[in-house]
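Structure first, commentary second.
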Amino acid sequence: MKPAWAGGLPVLDRLPQVARQPLQTFARAAQRGALVNLGTTWDPVVGTSRVHLLSDPERIERLLLDTERFDKDYRVLSPLMGDGLFTAAGPTWRGQRRQLQPAFLRSAHGGFVQAMRTTTDQRLGSWSRPGSLDLAAALSSLTLDIVLRALFGSEATRFEVEVYEGLRASVRLIDERIWLPSLPESWPTPANRALRKAVGRLDAVVAAIVDQRRGQLDRPDLLGLLLAEHPDAADPVQARSVRDQVVTFLLAGHETTASALTWTLYLLDRNPACAARVQDELAGTAGDLPEDLPYLTACFKEATRLYPPVWAFARSARVTCALGPWSLRSGDVVFVSPWLLHRDPQHYPDPLAFRPERHLAPPTWHPFASLPFGGGPRTCIGARFALLEASVVLSRLLRSTRLRFLGEPVASPQLTLYPRGDTRVALS
Ligand code: HEM
């Protein structure tokens, strides 16, 4: 069976429209069927590949569990993340996941929480009350500091601004090429030159973070683990592996969480009854962990349902094969959109309502209709880190500060679903 066609002429397919209005185009396309062909893309290495959107949870489960037939092909991110854990595929990815998993085991959580508490308290101490600030930017910089400290043991303030700017510039340039064909990276086009320059600046500060740690290999954090596995700074392959993972975790570990925290605070601001229940919960405990604060944690989960920071991700067919009733060709790309799934009334009654209570009872939805952290073997390695960070940051912020949004944030679907528009808040 062929996937449904999203409409338009075969040569003028839907991808330029996806690039302009991703959420709306995905929503319209999904009405045509559970697997919809959005068009054909071109890449200088792979050639042409068909791009589909899949919105049936049972088939999504098959897609995400069957890593032999469906794998990531995130070539578009490789100028920035190289062959790190987010972008690597096949046996390279499997080896990396085995190697890095120990840095996220339960035994590491105490260290994470300590770094989260210290960094959050310092940051909250620097906010003027009464006053106002751009919350999305403030939380983005806080979550970056937390990753620098918790995973890389770095004295955050030394590197934070340079890392932040380097990531921002690189991500903006990558965003521009996600949906539309671009010329090979080696060609000296203005876009390629700008990307190389931005990545070069980021690489310089990453090298400084790594060099600072080469002398002290005894710390058991992520960077300690990476340097123990790749100790030879003079070996370009080892140095490149460390660099790729550091950039991967800086990027994957901060903007996603910052986006989710901002949306949680926005939704609490717009739902005073929920905000009051959070305050009651905070008043009843001195704790700041998810186990101490089930309702606050449910608010965070409900925010990531309505505004999933990773609003879409994809797998590519490694071979010509069937996915349920459909035949896919080798190289076909299949998108899954948590944004669409999480707002589908088939899975969530009254889907646009902010109802944290949904997460306090056993789930009524298919497990693959809830994908804030992805699913299957490539599920987010930092999911627990993010939940810990949410309860530590939100509880400390809401205990010390009253916050009111001054305008309306807008969900901007780029690499992550970032809150843009007016994200200023009044603090008291
Ligand atoms: C609310 C916060 C977060 C959200 C919503 C989120 C979401 C996701 C999703 C959906 C994926 C799977 C993508 C795919 O299958 O293509 C993923 C993977 C990943 N995430 Fe997260 N993430 C968050 C926080 C974090 C944090 C804090 C870290 C690091 C400390 C992190 C590191 C990663 C990495 C390295 C991967 C790739 C894992 C692999 O392929 O083995 N994420 N994340």
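The values are calculated or read from the model by the stated rules, or taken from the named source; none is laboratory data. The shown structure was predicted, so the numbers you read here are calculated from the model rather than taken from an experiment. FYI the Cβ positions are ideal-geometry reconstructions off the backbone, even for glycines, and counts take in every protein chain you see.
The rows are residues; the columns are (1) at negative phi; (2) out of contact with any strand residue (DSSP E or B) (no Cβ under 8 Å at 6 or more places or on another chain); (3) within 16 Å of the ligand (Cβ to nearest atom).
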| site | (1), (2), (3) |
| --- | --- |
| 322 | yes, no, no |
| 330 | yes, no, no |
| 339 | yes, no, yes |
| 349 | yes, yes, no |
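Could you list, in sequence order, the residues of the stretch 142-160 that are surrounded by fewer than 17 Cβ atoms within 10 Å (Cβ to Cβ) and either farther than 27 Å from residue 395 by Cβ or at pLDDT 85 or above (or both)?
Residue satisfying the conditions is 158 alone.
Conditions first: (1) buried (at least 19 other Cβ atoms within 10 Å of the Cβ); (2) touching a strand residue (DSSP E or B) at 6+ places or on another chain (Cβ under 8 Å); (3) under 30 Å from residue 174 (Cα atoms); (4) at pLDDT 95 or above. Residue 397 passes all but one, so which condition is the exception?
So residue 397 meets the others, but not (3).
Look through 377, 419 and report the one residue that is touching a residue at least 40 places away in the same chain (Cβ under 8 Å) and in a helix (DSSP H, G or I).
None of the other options fit; the residue is 377.
Mind telling me which of the residues 340, 387, 352 ends up being modelled with pLDDT of 95 or more, assigned to a helix (DSSP H, G or I) and under 30 Å from residue 37 (Cβ atoms)?
340 is the lone residue from the list that is modelled with pLDDT of 95 or more, assigned to a helix (DSSP H, G or I) and under 30 Å from residue 37 (Cβ atoms).
For the stretch 82-91, which residues satisfy the criterion of being over 15 Å from residue 223 (Cα atoms) and either within 9 Å of the ligand (Cβ to nearest atom) or surrounded by 12 or more Cβ atoms within 10 Å (Cβ to Cβ) (or both)?
82, 83, 86, 87, 88, 89, 90
Tally the residues that are surrounded by 14 or more Cβ atoms within 10 Å (Cβ to Cβ) and in contact with a Lys or Arg (Cβ under 8 Å, 6 or more places away or on another chain), restricting the search to the stretch 98-133.
Final tally of qualifying residues: 10.
Please find, among 218, 203, 175, 235, the residue that is without any contact (Cβ under 8 Å) to a residue 24 or more places away in the chain and closer than 19 Å to residue 82 by Cβ.
Testing whether each residue is without any contact (Cβ under 8 Å) to a residue 24 or more places away in the chain and closer than 19 Å to residue 82 by Cβ leaves just 235.
Please work out if residue 94 is modelled with pLDDT under 95 and surrounded by fewer than 17 Cβ atoms within 10 Å (Cβ to Cβ).
no
Is at least one residue of the stretch 347-363 in contact (Cβ under 8 Å) with a residue 60 or more places away in the chain, hydrophobic (A, V, I, L, M, F, W, C) and over 27 Å from residue 113 (Cα atoms)?
Taking every residue of the stretch 347-363 in turn, at least one turns out to be in contact (Cβ under 8 Å) with a residue 60 or more places away in the chain, hydrophobic (A, V, I, L, M, F, W, C) and over 27 Å from residue 113 (Cα atoms).
Name the residues in the stretch 126-142 that are of a type in the set (A, V, I, L, M, F, W, C) and in contact (Cβ under 8 Å) with a residue 24 or more places away in the chain, would you?
127, 133, 135, 136, 137, 139, 142
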